[in-house]
1. Are any residues in region B:187-207 touching a residue at least 60 places away in the same chain (Cβ under 8 Å), under 14 Å from residue B:35 (Cβ atoms) and not in a loop (DSSP other than H, G, I, E, B), and if so, which ones?
2. Looking at residue A:61, is it in contact with a His (Cβ under 7 Å, 6 or more places away or on another chain) and either within 27 Å of residue B:156 (Cβ to Cβ) or at the interface with another protein chain (Cβ under 8 Å from one of its Cβ atoms) (or both)?
3. Could you check region A:136-195 and list, in sequence order, the residues that are among the hydroxyl-bearing types (Ser, Thr, Tyr) and crowded, with 19+ Cβ neighbours inside 10 Å?
4. Residues to consider are B:85, B:22; find the one that is farther than 30 Å from residue B:191 by Cα, more than 14 Å from every other protein chain (Cβ to nearest Cβ) and touching a residue at least 60 places away in the same chain (Cβ under 8 Å).
5. Restricting attention to region B:159-186, and to residues there that are buried (at least 18 other Cβ atoms within 10 Å of the Cβ) and assigned to a loop (DSSP other than H, G, I, E, B), which single residue is farthest from the other protein chains (Cβ to nearest Cβ)?
6. Pairs under 6 Å by beta carbon, first residue in contact (Cβ under 8 Å) with a residue 60 or more places away in the chain in region A:169-184, partner among the polar types (S, T, N, Q), six or more apart or different chains?
7. If we scan region B:27-42, do we find a residue that is touching a Pro at 6+ places or on another chain (Cβ under 6 Å), among the polar types (S, T, N, Q) and buried (at least 21 other Cβ atoms within 10 Å of the Cβ)?
8. Part of a strand (DSSP E or B), touching a helix residue (DSSP H, G or I) at 6+ places or on another chain (Cβ under 7 Å) and more than 11 Å from every other protein chain (Cβ to nearest Cβ), is that true of residue B:43?
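The values are calculated or read from the model by the stated rules, or taken from the named source; none is laboratory data. It should be emphasised that the depicted structure is a prediction, and the values quoted were computed from it without experimental measurement. Cβ coordinates were reconstructed from backbone atoms using ideal geometry, including for glycine residues, and neighbour counts include every protein chain displayed.
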Amino acid sequence: MTSTLKLAPEQHVTVELKFGGRLCVEAPAGGHPLQLLAVVAGDPRDRFSAANTLAINKSAYLGPDTVLLSYFCQPLLKVVHDDAGEHSLLPSPASVEPDGQPRAAAALQLLENAGKDIGLEPHQVPQAAQFFVRHAITEDGQVAPAAVIGDPSARLELEAQVDLIVALVSNPFIAPADEAIARRELFITIEEPTA
Amino acid sequence: MSPIQATFDEVIPARHGRAFEVNEGDVIRFTDLEGQQCADLIAFARDDLSTRMSPFASVTETGRIYLSTGDALVSQHFEPMLTIVDDTVGRHDALCGSCSPGMNRTRHGGLGAGKRTCHVNFVEALRPYDVRPEDIPYSLNIFMNYPIGTDGRVEYATCMSKAGDHIEFRAHRDLIVAISNCPQELTPLNGFNPTSSRVEVFSHTVA
């Protein structure tokens with residue numbers, strides 16, 4: 001059984017995933033910055049950890065076969081399909097909107113709103129997994145502004161390693177302002193595990 | 001404002017941690033006493049424990065993974081908490097958080113079981129402040145040599161610090177600070193031999 005949701009820009013959705021279930025994200029018009037938070041269904045203290053995911057996978061990028069890990073180092077989700085490219089675990093460098101408002105603060109507000117819906121207090125909201133964006137890194141450690149990746153119809157699929165509650169945040173503020181990208185929608189499909 | 005006085009001065013034994021309080025304007029000095037030793041540092045606003053130093057937000061603020069002299073360490077809401085005011089090594093990690101029982105189990109299986117970890121050191125040190133284990137924030141890892149390639153690959157390497165190398169932080173507000181002498185002995189980080197360090201806090205007193 002499957003269900004599909006549309007995720008509009010600057011909105012978030014929460015979904016429940018059972019062990020073995022799949023979360024599919026499609027970008028019909030091309031990539032749009034998407035952040036993911038997750039908590040273990042039976043233990044909301046245990047939530048996604050970018051730091052542990054980076055340390056255990058030995059990479060700042062997410063791609064096929066990457067396992068997303070929790071605060072207590074439990075496997076949460078595995079990337080089982082990805083035709084968009086390398087996705088980022090890195091924080092976006094701060095930049096400012098033309099109207100003077102910092103984009104990082106706007107990005108954090110959207111993320112904290114989503115975190116609240118899955119039971120996270122603001123101080124527990126972690127650095128999110130970020131899909132359809134990639135931050136280039138220079139040898140001396142400079143982090144470039146996020147580049148949006150993913151051609152039209154790019155698809156990403158993650159498989160739950162445990163029962164989860166997931167928040168997905170369409171967050172254009174983690175990338176430089178781009179009106180065309182900012183309007184793009186994403187489609188989220190939940191596939192229940194096969195018996 | 002003078003003279004400068006050490007209000008806290010302790011040698012932290014290998015594999016252990018400490019928590020202590022600092023006032024706005026105080027300078028915290030961490031010294032690697034024997035070389036090749038990294039330490040995890042976390043900080044909370046003393047009047048609001050939900051405000052904590054965030055290495056990830058600090059990378060957002062600076063646009064750099066490697067933080068050093070002059071860089072501000074900010075809270076999750078980008079408020080200044082500490083500034084690095086001196087640094088004789090120039091290589092620290094802001095991304096990989098602390099070692100923990102879960103990480104040891106995942107990375108080393110049974111070999112990692114029962115070892116001390118930075119997360120456990122923080123839980124113990126912060127017990128007087130009622131910080132829950134799941135609320136220990138991610139750390140700035142002093143002297144931790146965790147280079148990231150342009151391809152995004154990361155690998156643990158041995159700390160570049162020598163005996164006597166130090167880093168200093170100035171506090172922007174009243175803080176609770178905890179430092180864990182990293183007990184990791186199964187990766188090259190501490191040269192497979194965790195050792196001791198010294199933490200001093202200097203305050204300006206009104207003459």
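1. Residues satisfying the conditions are B:189, B:190, B:197, B:198.
2. Working: in contact with a His (Cβ under 7 Å, 6 or more places away or on another chain): yes; either within 27 Å of residue B:156 (Cβ to Cβ) or at the interface with another protein chain (Cβ under 8 Å from one of its Cβ atoms) (or both): yes.
Yes: the conditions hold for residue A:61.
3. Of the residues in region A:136-195, the ones among the hydroxyl-bearing types (Ser, Thr, Tyr) are A:138, A:153, A:170, A:189, A:194.
Within region A:136-195, just A:170 meets the criteria.
4. On the way: B:85 fails: farther than 30 Å from residue B:191 by Cα.
When all the criteria are applied, what remains is B:22.
5. First, pick out the residues of region B:159-186 that are buried (at least 18 other Cβ atoms within 10 Å of the Cβ): B:159, B:161, B:165-173, B:175-184.
Retained after the next criterion (residues that are assigned to a loop (DSSP other than H, G, I, E, B)): B:159, B:161, B:165, B:172-173, B:182-184.
Working: B:159: 16, B:161: 18, B:165: 19, B:172: 18, B:173: 16, B:182: 13, B:183: 16, B:184: 11 Å.
Only one residue fits best here, namely B:165.
6. Listed by first residue and then by second, the contacts come to A:169/A:35; A:170/A:11; A:171/A:35; A:174/A:92.
7. To start, the set of residues in region B:27-42 that are touching a Pro at 6+ places or on another chain (Cβ under 6 Å) comprises B:42.
So of that shortlist, the ones also among the polar types (S, T, N, Q) come out as none.
No; the residues of region B:27-42 include none that is touching a Pro at 6+ places or on another chain (Cβ under 6 Å), among the polar types (S, T, N, Q) and buried (at least 21 other Cβ atoms within 10 Å of the Cβ).
8. Values: part of a strand (DSSP E or B): yes; touching a helix residue (DSSP H, G or I) at 6+ places or on another chain (Cβ under 7 Å): no; more than 11 Å from every other protein chain (Cβ to nearest Cβ): yes.
For residue B:43, the condition - part of a strand (DSSP E or B), touching a helix residue (DSSP H, G or I) at 6+ places or on another chain (Cβ under 7 Å) and more than 11 Å from every other protein chain (Cβ to nearest Cβ) - is not met.
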